[in-house]
Ligand code: SF4
Ligand code: SF4
């Protein structure tokens, strides 16, 4: 039996380009630019001055609030100063510029042996761990859930096309991931653990199953369907529990973390390594050498495209997956904790967007995993009828893009949902 949720779509997964590529180390250039905000929540405050000498792992940005996450240097060298730079979403953020001395000396935290719940949560805060699937929600907040957590769900579905990072991590580091799962189970005091992996990754299912030792931890084979890795969809697929509208998974006694996050937490506890590097996929027909990279935080994307080579004629660059990622206006943004993928797509990999009027076919509603009616929001937003649009519940939209993917009129349905959310908030409707 394959576990799944209701509705959703089956896009081409295009994982072939990079799924067989083992991780390789991305060389780091002479300078890194480390954003003080790489997470959802309050930006960090810089705690180093220009001229300071740092190591990889030195705390350089101090968390400024409960929903926030510390930032560490990713190289050893000298702090040159501060720069305002755009991130992939076009937001101007303060970055710390560090001259890389090329020595990669480290300043780690002390490793923890048999850590307690409190030690694990504290370590998660100290190390600046956030949701590394792209959501970048500070992980310690999830670990400190007020409700009793019955089930910890490990998201190994990696349902976005092209991305093969978590897949390669499950093949390369199954023992480490399983140990990390144990730490998180302790932190949450969860009764059981479910590791959900899509059926299109049979070798990852086998690798993780082989490492099972805890009788309360199980691997679930999920149907290959998008967005299987959506938090609410995954919880429903495995437990048949529905997270209430506007509610958190903890309200139904569940917490979900993805594979990269579990691994980052394992490194923080076992090795004392703060979160200053990550694994990511670089793919698409526009890249000469698609691959899976280990990159330090703060590396300009231009250095990655130079390193791997660009094919002439690519037409679109995307930061993240093709369904939920952001189109890039330039390669100036840098790698950060949430950088799961960089895609360079050729003309034949994208669908030109020339919207025509809605033909009321209802396909968008028939695939929406949140059971919404995106065509109604789209229609009402165009007429500035925000209060009426709110009745169709755009606030519940998870911006998965299924509706836009199937729309024959190529309506910008996700953008309409985003705009509706923004206007509802701004006008306090
Ligand atoms: S309306 Fe939102 S949740 Fe529904 S399919 Fe569209 S993007 Fe996904
Ligand atoms: S899929 Fe597109 S054309 Fe069909 S109802 Fe939805 S918005 Fe209209």
**OP:** Restricting to the chain, compute how many DSSP beta bridges are antiparallel as a %, nearest 5.
**Re:** 60 percent
Subject >> Kirkwood-based Rg to Rh ratio, segment 269-345, C-alpha trace >> reply: 1.00
**OP:** Please report how far the C-alpha centroid of segment 224-291 lies from that of segment 114-187, rounded to the nearest whole angstrom.
**Re:** 8 Å
Subject >> Percentage of interatomic Cα-Cα distances in segment 264-309 larger than 17 Å >> reply: 41 percent
**OP:** Calculate, in nm to one decimal, what residue 383 and residue 316 gain on full extension: separation in residues at 0.36 nm each, minus their alpha carbon distance.
**Re:** 21.1 nm
Original post:
Using the Cα atoms as the points, what is the convex hull volume per residue of the chain in Å³?
Top reply: 138 Å³
Subject >> P(r) weight above 14 Å for segment 363-426, C-alpha pairs, percent >> reply: 46 percent
Original post:
Taking the Cα centre of each part, how many Å lie between segment 313-376 and segment 35-80?
Top reply: 31 Å
**OP:** Return the tail of the calculated pair distribution for segment 45-155, meaning the percent of Cα-Cα pairs more than 16 Å apart.
**Re:** 68 percent
Subject >> Beta bridge orientation in segment 117-271: antiparallel %, DSSP, nearest 5 >> reply: 5 percent
**OP:** Give the Cα extents of segment 117-271 along the principal axes, in whole Å, largest first.
**Re:** 39, 37, 30
Original post:
Over the Cα atoms of segment 199-291, what Rg and Dmax result, in angstrom?
Top reply: 16.4, 46
**OP:** Using just the alpha carbons, could you tell me how many Å³ per residue the convex hull of segment 299-429 encloses?
**Re:** 130 Å³
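Throughout, read-outs are computed from the coordinates displayed, never taken from laboratory work. For clarity, every value in this text was computed on a predicted model and none was experimentally measured.
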